[in-house]
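Q: Could you have a look at this structure, given as structure tokens, before my questions?
The values are calculated or read from the model by the stated rules, or taken from the named source; none is laboratory data. None of these values were measured; they are calculated from a predicted model. A quick note on method: Cβ atoms are made from the backbone with ideal geometry, for glycine too, and the neighbour counts reach across all protein chains shown. Keep in mind that these areas ignore ligands, DNA and RNA; they rest on the heavy atoms of the full protein, side chains included. Shrake-Rupley method; radii C 1.70, N 1.55, O 1.52, S 1.80 Å.
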Amino acid sequence: MEGQAVELATVPHAVLRDAPLVDGEWIDSYAVALAEWGARSTQKAYVLEEPDDGHPFAWYRLLDPEGAEVAIEVRQKLWQQTRKHLAGFPGATKELEGRQYFNWAAYFKWRGRRVKGELTSGLRQGLVVGHWNRWVESKGSDGTAILDGVWVGRLDCHSDGYGYQVYPDADQLAEGSRRRENLLASAGSGNTANREDLRLRSKAQQWKEMAEDYLGELYTLRVSFDSINERYFESQSGLFPGSSHALSQLVEQAKNLVNLYNRNLVAGLELLDSAAVGSDAQGPENQHTIDLSILQGRTKGTATGQAAYLVDMAKAEALDAMGETDKAIQLVDLYI
């Protein structure tokens, strides 16, 4: 299930910047072309600027040194030059499912590449999502599985939930892009605060992810402690009163912030989503909403593993204090 990806910083698209390496060896030639196009553009003193609303599916804007949008004809010419240059790639290539791939090592060593710098610094290890999800699904029909005593589930794309529009040809794409730019311009005209609100949507999504991670950790701790209290302390708290109270306060304060966010921001953010991609865009409603009940449900399996870890660490400490160091080490080794 382990895989590799490389970050190509000159790709003018947030989602496509992390290019997976198939079998750790092959990179999609289109990802390379995008990176080469971005590098060629910046070498001509053009500037890649993030989209105004931070939408993950939106292409970066190409600006000249004065901040004006570069004409479509110039961008197309840069693309043609890039494709012509890559046609002379001297390394090995391979076709996978109808797409051309370049040998990653050969591209890295190619002196003719426009993307400069030590590209290996952008290499990242991780899971191949498709393999992971197939493994999870093979363990049961409900999309969950147990890994080392912990409940785990499917991995979803981080951009799931964002609205988008598919265009069948270049002309309709150009028209859709103009419409999108007009919507963004009208949202910002005469009121700079509106343009900042568009940026807020992207920031809110980041806040949502951080809040879910933070609350997930708090819920896991609380459920773990409740399980330990029930099993070993006859449902009495095993924590010092101050620590128990502090944990409860952290959970309640985080929940209050989430409820405030859901009540006051989600509706407005959804309107901005619709405006950014058009009224006929695809995507679920309330994509920014934080569902506390779902979040609590996800922590149950994790809490079981967390509780086992806390108990075993307490046992290891007790064994070590009694001189049973070898047994203590055996317990600790289970988690290393």
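Q: Out of all the residues in segment 122-144, which are at pLDDT below 80 and either in contact with a Lys or Arg (Cβ under 6 Å, 6 or more places away or on another chain) or within 30 Å of R180 (Cα to Cα) (or both)?
A: Of everything in segment 122-144, just one residue is at pLDDT below 80 and either in contact with a Lys or Arg (Cβ under 6 Å, 6 or more places away or on another chain) or within 30 Å of R180 (Cα to Cα) (or both), namely G143.
Q: Would you tally the residues in segment 296-314 being out of contact with any strand residue (DSSP E or B) (no Cβ under 8 Å at 6 or more places or on another chain), buried (at least 17 other Cβ atoms within 10 Å of the Cβ) and within 21 Å of K255 (Cα to Cα)?
A: 2
Q: Please name all residue pairs, on different chains or six or more residues apart, with Cβ atoms under 7 Å, provided the first residue is in segment 312-336 and is within 20 Å of D148 (Cα to Cα) and the second residue is part of a loop (DSSP other than H, G, I, E, B) and of a type in the set (A, V, I, L, M, F, W, C).
A: Listed pairs, sorted by first residue: D312/L334.
Q: Let me ask you something else. Examine segment 215-232 for a residue that is of a type in the set (D, E, K, R) and modelled with pLDDT under 70, and state whether such a residue exists.
A: No: segment 215-232 contains no residue that is of a type in the set (D, E, K, R) and modelled with pLDDT under 70.
Q: Something else now. Output the residues belonging to segment 38-53 that are assigned to a loop (DSSP other than H, G, I, E, B) and crowded, with 16+ Cβ neighbours inside 10 Å.
A: Result: Y46, P51, D52, D53.
Q: Is it the case that some residue within segment 75-92 is closer than 30 Å to Q206 by Cβ and free of Cβ contacts under 8 Å to residues at least 60 places away in the same chain?
A: Yes, that holds for at least one residue.
Q: I've got another one for you. Could you please find all residues in segment 237-285 being at pLDDT 65 or above, open to solvent by 50 Å² or more (accessible area, probe 1.4 Å), within 26 Å of D52 (Cβ to Cβ) and not polar (S, T, N, Q)?
A: Within segment 237-285, L265 is the sole residue that qualifies.
Q: Could you check segment 21-32 and list, in sequence order, the residues that are open to solvent by 70 Å² or more (accessible area, probe 1.4 Å), touching a residue at least 40 places away in the same chain (Cβ under 8 Å) and farther than 22 Å from V74 by Cα?
A: Passing the criteria: only E25.
Q: Name the one entry in A5, A35, A14 that is aliphatic (A, V, I, L, M), open to solvent by less than 40 Å² (accessible area, probe 1.4 Å), touching a residue at least 24 places away in the same chain (Cβ under 8 Å) and under 29 Å from V136 (Cβ atoms).
A: A5
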